[in-house]
Structures are given as C-alpha cells and as structure tokens.
Amino acid sequence: MTQALLTLNAGSSSLKFSLFTLDGDNPQRRYTGAFDRGGAPGEVAITSVDDERTVLSLETPGELASAFAAVLDWCESRDDFGEIAAVGHRVVHGGMNHTAPVVLSDDVIASLAKLGPLAPLHQPHNLEGVAQAQAAFPGALQVGCFDTAFHRTHPFVNDTFALPHRFYAEGVRRYGFHGLSYDYVSGALDPSVRDGRVIIAHLGNGASMCALKGGKSVGSTMGFSALDGLPMGTRCGQIDPGVLLYLMQEHSMDADAISNLLYKESGLKGMSCLTNDMRVLLASDDPRAKEALDYFVFRIQREIGGMTAVLGGLDALVFTGGIGENAAPIRERVCAGFDWLGIALDDVANTASKPEVSASVSSVKVLVVPTDEEGKIARYTADLLSLSA
Ligand code: ADP
C-alpha cells in the first residue's frame, strides 16, 4: 500500500498535523487535524480531503503531549494508507547554523535541545513531538524544518543587537520566525514578482513581516524571540526594554510572570480587554477594540515604511495568515496609508480576497497568498526521504 508521510506543527499550546500519501515522491494531502488548548482542550479534530470528520478524545485534556499521542495512535490504527515512511517536524529554532531542513539524527536532536533557552515555549514541545514520533514509528525518517532557517540570509545589521559583541557570538541574534510560511509564500509567487522588492505580511495569531530582495529574506520584524515586531493575538510585539525593567522593579515581576504577560496577556487581547479573535474585534463597537485595531494597523504601516526604505522601494506587498488572507478591512486600512507610495487597492477584489487585490493603476502589486506550512514541511521531508532511499 502507498507509503505515508506525517507532518507535525506544534505551537506553544496547539498542534496542527497533516497526513499525506506519497505518489512517487509527491506528497498528496489526505487528512488535516488540529488541537487547540484555547479552543477545545480535550480533543483533536480531524478532517479528510473528502470532508469526513473525526474527533479524537485526549487522555489528558489540555496537554500537548497527549495530543501528539492521540495523533500518532490514530495514524497507527488506520488501514487506509500504508506505513509512515517519514515524519516532518516544524522545529521553531535551528540556531545560528541550520539554513535548511535536516534529518534528525541523535546528534542533531541533542544540539537542538541545547537551543531550548532561545525558544522555551516552543522548542521543548517540538522535540517532545520528535521523541514520540520516533517511539511510534522507529523505522520512519524524522526530519526537522526550521522557522529560523529562511532568515539566515539577513545581513549583519539585521542580525544583531547593539549589545557587547560577546552576546552576538553566543547567539543573541535577530533570528526571525514564520520562516516556513515565508518560504512557502515566496515560492508560490511568480518569479518576476519574487525576484523584486517584496514585503510579506504573515498576519495570524502570531504576526510578523519579512522583507525579501531577490527572493531572499533581508529582514524580519521578529527578532531573538517570537515576541518582537508587530502586536499579535496575545503577544505585545516591539516594546521598550525599559518597560521590563519597570515591571521587575516596581511590580516585583519575575521572568515567568513577565513571560506570561508578554506572550499570553498582551497584544490585541490585552489592549481590547476582549479577545484576540480578529472577527470579533472588527465587529465590535467597544472603543478599546478600536484602539487595539488602530495600533495593529499603525504598527504594520510603520514596519512597511521601514522595510520599504531598507529595500530601496517596493514592488509587491503580500498578505497571508488567517487575518492577512481573510480580513479585507485590515488590508484596506493598511494600504490606505500608502497612497504616497502608489499603492491602490481594487475594492471589489479586496472584499472578495482575490489573489491580486491591487488596482491596475497601483505601482505596487498587492497580493493575497494562502500559506501552507505543512505543505512546505511535507515537500522538504519527501525530498530528504527520496535522497535517503
Ligand atoms: P495562527 O497564528 O494560530 O496559525 P491563524 O493564521 O489561523 O493563526 O489566524 C487566526 C486569526 O485569523 C484570528 O485572529 C482570526 O480571527 C483571524 N481570521 C480568521 N478568519 C477571518 C475572517 N474571515 N475575517 C477576519 N479575521 C479572520
């Protein structure tokens, strides 16, 4: 029976997976599934390409480890696809050296575990997924695909902080994240667009932007951690480090309390005192929801301005992620600030979230490209599988 390939994409409190069968070395998606601690903490919901739905109950609700176990058990129990030949893992941090996906040997896994302090909310979960997948499918090739890899092309000035050099040497750098999404989206662009000066705005619960020149990442709004840059669903985005000193000194907050505040209680949710759900915020009359949206749009515009300067102009602006792909009013508000740059939207195309939403007179193409991180992981994993055959 046809071999299968599994992709695991674990966040700090969520898991997305896809199950592909291999047609030669081409992955064909058969199932997708998700667990979200903030949504339905006791279950993994699975949908087949034919829209059949299955719900798995977790042994320990709310636990990511339990979600991994449920997904792996489900894969083992199925008889409608063949053996799992490979598992592709999204691994958030590849550190200074990983610029491409790799086969996860014991040595590589040990080196990735050492990067845990650089991404404490993600890296340990990603490696937990690797350990469980190794135990469930000992014969399968395990592949790590890094969120940081796409950005290792940043020039020094966009890779550093103005700290004493020893910190740069030990790895305190601007890594940038969402790399698998940027990799997928830039690969989906027409080469005539991709090879120009491009900004991709990945706007989801996590949000960041990437500046691309000649198809390579030259800048990202995220830095050392996935906290920097744009305000997000529950993360603060850029913040004056003096605020952190103030919180420590005046509110006696320790690292755990500050981490919880910045990652989980801030951003759109913290500012609106309502929710991180963009659909609810757009429909709300609450003045604090309006302030949160004003700030979100303002920061995106600020970063577009900065990136356009660094790129020396702009040929295309690309929106992706749950908000970027679906929230026409946000795209409209962001673009409205750039008449001076020659950006003009086609309102009908924008309202319908068409692939191209700029007007024919626009001097910058504005595009909407649905992202597919799991598809990218599957492609890389299938490539390494055929190399290892
Ligand atoms: P994650 O970073 O968790 O993968 P997503 O990319 O799925 O997040 O994006 C989630 C965000 O997208 C939420 O704020 C959600 O409200 C927003 N979103 C999804 N669909 C729509 C829509 N039709 N209109 C506006 N916002 C939307």
Over the Cα atoms of region 276-365, each weighted equally, I'd like the Debye log10 I(q)/I(0) at q = 0.14, 0.18 Å⁻¹, rounded to two decimals.
-0.51, -0.83
What number results when the radius of gyration of region 229-300, computed over Cα atoms, is divided by 2.2 N^0.38 Å?
1.15
For the chain, what relative contact order do you get, as a whole percent, if you take Cα pairs closer than 8 Å and at least 6 residues apart?
14 percent
From the Cα centre of region 65-125 to that of region 257-294, the distance in Å is 31 Å
Ellipticity estimate at 222 nm from DSSP helix runs (n ≥ 4, -39,500 (n - 2.57)) divided over the chain, nearest 500
-11500 deg cm²/dmol
Residue 105-residue 166 pseudo-label distance in nm [points 7 Å out on the Cα-to-Cβ vector]:
3.3 nm
Dipole axis of the chain (+1 Lys, Arg; -1 Asp, Glu on Cβ), positive-most option in 162, 121, 239:
162
Rg/Rg_ref, region 178-248, where Rg_ref = 2.2 N^0.38 Å and atoms are Cα
1.29
Cα convex hull of region 36-166: how many Å³ per residue?
153 Å³
Length gained when the stretch residue 224-residue 97 is fully extended (0.36 nm per residue, less Cα-Cα span):
44.2 nm
As a test of reading the structure, rank 308, 60 by solvent-accessible area (1.4 Å probe, protein chains only), most first.
60, 308
How do the peptides 188-196, 49-57, 117-125 rank, highest first, by the average count of neighbouring beta carbon atoms within 10 Å per residue?
117-125, 188-196, 49-57
Segments 354-363, 29-38 sorted - mean Cβ within 10 Å per residue, highest first
29-38, 354-363
Would you mind calculating the gained length between residue 79 and residue 128 on full extension (0.36 nm times residue separation, minus the Cα-Cα distance), in nm to one decimal?
15.1 nm
Pairs of alpha-carbon atoms within less than 8 angstrom and 6+ residues apart define the contacts here; what relative contact order does region 223-285 have, in percent?
35 percent
DSSP beta bridges in the chain, what fraction antiparallel, as a percent rounded to 5?
70 percent
Say a paramagnetic label sat at a point 7 Å from the Cα of residue 40, along Cα to Cβ; which residues of region 54-79 have their backbone N under 11 Å from it?
54-58
What FRET efficiency comes out for the pair residue 259/residue 363, r = Cβ-Cβ distance, R0 = 56 Å, nearest 0.05?
0.85
Cross-link partners among aspartates and glutamates for residue 216, C-alpha distance below 16 Å, same-chain residues fewer than 8 apart left out?
147, 159, 183, 190, 195, 315
Restricting to Cα pairs under 8 Å and 6 or more apart, the percent relative contact order of region 253-389 works out to 17 percent
Can you figure out the FRET efficiency of residue 57 with residue 353, using R₀ = 30 Å and their beta-carbon distance, to the nearest 0.05?
0.30
Multiply the residue gap between residue 282 and residue 26 by 0.36 nm, knock off their C-alpha separation, and tell me the result in nm, one decimal place.
88.2 nm
Starting with the highest mean, order 158-167, 138-147, 309-318, 204-213 by the number of other Cβ atoms within 10 Å, averaged over the residues of each peptide.
204-213, 138-147, 309-318, 158-167
Would you mind checking the pairs 16/290; 16/354; 264/354; 354/376; 16/365 and listing those with alpha carbons more than 29 angstrom apart?
16/290; 264/354; 16/365
On average, how much area does the Cα convex hull of the chain cover when viewed from any direction, in nm²?
20.4 nm²
Using a 7 Å offset from the Cα along the Cα-to-Cβ direction at both residue 251 and residue 309, what is the distance between the two label points in nm, to one decimal?
3.0 nm
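The values are calculated or read from the model by the stated rules, or taken from the named source; none is laboratory data. Owing to the predicted nature of the structure, the values given are computational and were not obtained by experimental measurement. Ideal geometry is used to build each Cβ from the backbone, glycine not excepted, and the neighbour counts take in all protein chains shown. To get the accessible areas, we keep the full protein, side chains included, count just its heavy atoms, and leave off ligands, DNA and RNA. Shrake-Rupley method; radii C 1.70, N 1.55, O 1.52, S 1.80 Å.
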